[in-house]
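*Asks:* Sharing a structure with you now.
The values are calculated or read from the model by the stated rules, or taken from the named source; none is laboratory data. Source: prediction; values computed, not measured. We place every Cβ from the backbone using ideal geometry, glycine too, and count neighbours over all the protein chains shown. Please note that ligands, DNA and RNA were not included when accessible areas were found on the heavy atoms of the full protein model with its side chains. Shrake-Rupley method; radii C 1.70, N 1.55, O 1.52, S 1.80 Å.
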Amino acid sequence: RMPQTPPFAAMFDSSGYNRNLYQSKEDNCGGLYYHDNNLLSGSLEALIQHLVPNVDYYPDRTYIFTFLLSSRLFMHPYELMAKVCHLCIEQQRLSEPGLDKKWMQKIAPKILQLLTEWTETFPYDFRDERMMRNLKELAQRIASGDEMYRKNVHQLLQNLIRKLAAVSQYEEVLAKIDATSTDRLTVLKTKPQSIQRDIITVCNDPYVLAQQLTHIELERLNYIGPEEFIQAFVQKDPLNNDKSCYGDQKKTRNLEAYVEWFNRLSYLVATEICMPVKKKHRARVIEYFIDVARECFNIGNFNSLMAIISGMNMSPVSRLKKTWAKVKTAKFYILEHQMDPSSNFYNYRTALRGATQRSLTAHSNREKIVIPFFSLLIKDIYFLNEGCANRLPNGHVNFEKFWELAKQVSEFMTWKQVECPFERDWKILQYLLTVPVFSDDALYLASYESESPENHVEKDRWKTLRFVSEV
């Protein structure tokens, strides 16, 4: 029988590294150092050994996740997979002759479980042919033992292939979306009136727009692999001077695509506000986006909320004083206060904790939604990584650091698995993803044409922009 794995939310407990699930190895043995039942450090070889199950032992799930996540700072996943395969085969050779079948029955489910965890949590590792080859060889060895294992192996490979096909399809869709918005921008520059560019015409209900933004956010979050956070700061391994750990490491760009979406939404908000010729129309668009932002806050979609606020705070928008004078700004200031960067985003972090608590006790997907302000999440993980060494002075891997990293990334893993409960509106989604947005220069030009420049600097800039646009 396969060992059962708990869901992500239950994986990391607050007291630290939880070793009690399937553990039965003695402490401080074979190059691993524990304190109060928590694994603090170990040699790389000992940590790899600790990953591989044997007849009496299966590694704790928190350990599997933490080590698979962080080991890529020291070696390629395909190198780790080769070592795991080698250790499994070694174990088989060392078992008493004649006990092969019995040994296989005891160990096969555990090896299969380890491979299942790896392929389900880090599927993008297997976009490497060397990984696939090793996986298939080890799976083949297990499958040859028993009809039931053959079925399980087949299932595992099918699931993995399905996941990899889905990410390839998603990447194609992103490329198409980029191409469409570029084409439309060309049309916008040559024939500005030929495109209907008004978000309120497309969707007049701020609540519905917030829901559609949440669709985009959750879909994009879902495709980010946990390893993408770690790969963002892979450096050379100090114990292996000539070799960077990752020459050919980037298997995905989902994290970058998500950051680009944030920027696009900010510019879309600024574009929609600067476009209307009439002041009352601009004020109406600002009030509309304030309502959308408030709905995003209520849903738990902090990333869209922050993108909208940053779009409204761009200089071409914030300089429109006559327009802002017509806006009821009280609601906007409340939202700005929530996302205030002072004291390391204290207010936002408090709201995020509230949303996380709500999510843990939720009965519906609607209450489970937590979409963090993504740039800040990346920054937190980056500083955690920068603040601690990967290795201790004795050459041991600093596992305590990786435990903390894994804890942050595992929280994200819980959030990204929530299914969006709102109905999709393809027309609105299409608009949000492909309508052309202005560059900085185009925004300033539209802004100066809406409300004249107020000082010499603005006047000079306006002249230059007009000259460039006419050329």
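*Asks:* Looking at region 389-410, I want the residues that are not assigned by the TED database to the domain that holds residue 371 and have a partner that is open to solvent by 60 Å² or more (accessible area, probe 1.4 Å) and aromatic (Phe, Trp, Tyr) with Cβ atoms under 7 Å, at least 6 apart or on another chain. Which pairs are those?
*Replies:* none
*Asks:* Which condition from (1) touching a residue at least 40 places away in the same chain (Cβ under 8 Å); (2) surrounded by 14 or more Cβ atoms within 10 Å (Cβ to Cβ) is the one that residue 336 breaks?
*Replies:* Condition (1) is where residue 336 drops out.
*Asks:* What pairs come up if the first residue lies in region 246-258 and is assigned to a loop (DSSP other than H, G, I, E, B), the second is at pLDDT below 80 and open to solvent by 60 Å² or more (accessible area, probe 1.4 Å), and their beta carbons are under 9 Å apart, counting only those six or more places apart or on different chains?
*Replies:* none
*Asks:* Do we find a residue being acidic (Asp, Glu) and farther than 19 Å from residue 231 by Cβ anywhere in region 377-389? Reasoning before the result, please.
*Replies:* Keep residues of region 377-389 that are acidic (Asp, Glu), which gives 380, 386.
Narrowing further to those that are farther than 19 Å from residue 231 by Cβ: none.
No: zero hits.
*Asks:* Are any residues in region 353-379 in a helix (DSSP H, G or I), buried (at least 17 other Cβ atoms within 10 Å of the Cβ) and not polar (S, T, N, Q), and if so, which ones? Let's see the steps before the verdict.
*Replies:* Within region 353-379, the first condition is being in a helix (DSSP H, G or I), and the residues that meet it are 353-360, 365-368, 374-379.
Of the ones still in play, those that are also buried (at least 17 other Cβ atoms within 10 Å of the Cβ) are 355, 359, 367-368, 374, 376-378.
Within region 353-379, 355, 367, 368, 374, 376, 377, 378 qualify.
*Asks:* Quick one: which of 358, 349, 424 is touching an Asp or Glu at 6+ places or on another chain (Cβ under 9 Å) and either in the same structural domain as residue 263 (by the TED database) or not charged (D, E, K, R) (or both)? Let's see the steps before the verdict.
*Replies:* Details: 349 fails: touching an Asp or Glu at 6+ places or on another chain (Cβ under 9 Å); 424 fails: touching an Asp or Glu at 6+ places or on another chain (Cβ under 9 Å).
Just a single option satisfies the conditions, and that option is 358.
*Asks:* Considering every residue within region 319-340, establish whether at least one is in a loop (DSSP other than H, G, I, E, B), in contact with a Cys (Cβ under 8 Å, 6 or more places away or on another chain) and modelled with pLDDT of 95 or more. Even if it seems obvious, please write down each step before you answer.
*Replies:* Filtering region 319-340 for residues in a loop (DSSP other than H, G, I, E, B) gives 319-320, 326-329, 339-340.
Next, only the ones that are in contact with a Cys (Cβ under 8 Å, 6 or more places away or on another chain) stay: 320.
So of that shortlist, the ones also modelled with pLDDT of 95 or more come out as 320.
Yes, because at least one residue in region 319-340 is in a loop (DSSP other than H, G, I, E, B), in contact with a Cys (Cβ under 8 Å, 6 or more places away or on another chain) and modelled with pLDDT of 95 or more.
*Asks:* Test each condition in (1) more than 25 Å from the chain's Cα centre (by Cα); (2) open to solvent by 40 Å² or more (accessible area, probe 1.4 Å) for residue 344 and report the one that comes out false.
*Replies:* Of everything listed in (1) more than 25 Å from the chain's Cα centre (by Cα); (2) open to solvent by 40 Å² or more (accessible area, probe 1.4 Å), residue 344 misses just condition (1).
*Asks:* Then there's this: Being at pLDDT 95 or above, in a helix (DSSP H, G or I), under 18 Å from the mean Cα position of the chain (by Cα) and on the phi < 0 side of the Ramachandran plot, is that true of even one residue in region 148-162?
*Replies:* Checking region 148-162: not a single residue is at pLDDT 95 or above, in a helix (DSSP H, G or I), under 18 Å from the mean Cα position of the chain (by Cα) and on the phi < 0 side of the Ramachandran plot.
*Asks:* Condition first: of a type outside the set (S, T, N, Q) and touching a Lys or Arg at 6+ places or on another chain (Cβ under 8 Å). Now tell me which residues in region 434-450 satisfy that. Talk me through it step by step, then tell me what you get.
*Replies:* Pass one, region 434-450, residues of a type outside the set (S, T, N, Q): 435-438, 440-446, 448-449.
Correct list: 435, 436, 437, 444, 445, 448.
*Asks:* Tell me whether region 137-149 contains one or more residues that are open to solvent by 100 Å² or more (accessible area, probe 1.4 Å), in the same structural domain as residue 78 (by the TED database) and among the polar types (S, T, N, Q).
*Replies:* yes
*Asks:* Please determine, by comparing only the residues of region 380-408 that are among the aromatic types (Phe, Trp, Tyr) and open to solvent by 60 Å² or more (accessible area, probe 1.4 Å), which one is farthest from residue 216 (Cα to Cα). I'd like the intermediate steps shown before the answer.
*Replies:* So the first thing to find is which residues in region 380-408 are among the aromatic types (Phe, Trp, Tyr), and the list is 382-383, 399, 402-403.
Next, only the ones that are open to solvent by 60 Å² or more (accessible area, probe 1.4 Å) stay: 382-383.
Numbers: 382: 25, 383: 28 Å.
Restricting to residues being among the aromatic types (Phe, Trp, Tyr) and open to solvent by 60 Å² or more (accessible area, probe 1.4 Å), the top hit is 383.
*Asks:* Still on this model: Going by what's in this entry, would residue 328 be described as surrounded by fewer than 19 Cβ atoms within 10 Å (Cβ to Cβ), farther than 24 Å from residue 220 by Cα and basic (Lys, Arg)?
*Replies:* Judged against the criteria, residue 328 is a match.
*Asks:* List every residue pair whose Cβ atoms lie under 8 Å apart, where the two residues are 6 or more positions apart in sequence or sit on different chains, the first residue falls within region 312-328 and is under 13 Å from residue 279 (Cβ atoms), and the second residue, located anywhere, is of a type in the set (D, E, K, R) and open to solvent by 40 Å² or more (accessible area, probe 1.4 Å).
*Replies:* Between residues of region 312-328 that are under 13 Å from residue 279 (Cβ atoms) and residues that are of a type in the set (D, E, K, R) and open to solvent by 40 Å² or more (accessible area, probe 1.4 Å), the close pairs are 322/279; 323/279; 326/279; 326/280; 327/287.
*Asks:* In the set 454, 411, which member is open to solvent by 60 Å² or more (accessible area, probe 1.4 Å) and in contact with a Ser or Thr (Cβ under 8 Å, 6 or more places away or on another chain)?
*Replies:* Working: 454 fails: in contact with a Ser or Thr (Cβ under 8 Å, 6 or more places away or on another chain).
One residue alone meets the criteria, 411.
*Asks:* For region 189-198, state whether one or more residues are among the hydroxyl-bearing types (Ser, Thr, Tyr), at pLDDT below 95, open to solvent by less than 40 Å² (accessible area, probe 1.4 Å) and not assigned by the TED database to the domain that holds residue 423.
*Replies:* Just the residues of region 189-198 that are among the hydroxyl-bearing types (Ser, Thr, Tyr), to begin with: 190, 194.
Among the residues that remain, those that are also at pLDDT below 95 are: 190, 194.
Still in the running and open to solvent by less than 40 Å² (accessible area, probe 1.4 Å): none.
The answer is no, given that none of the residues of region 189-198 is among the hydroxyl-bearing types (Ser, Thr, Tyr), at pLDDT below 95, open to solvent by less than 40 Å² (accessible area, probe 1.4 Å) and not assigned by the TED database to the domain that holds residue 423.
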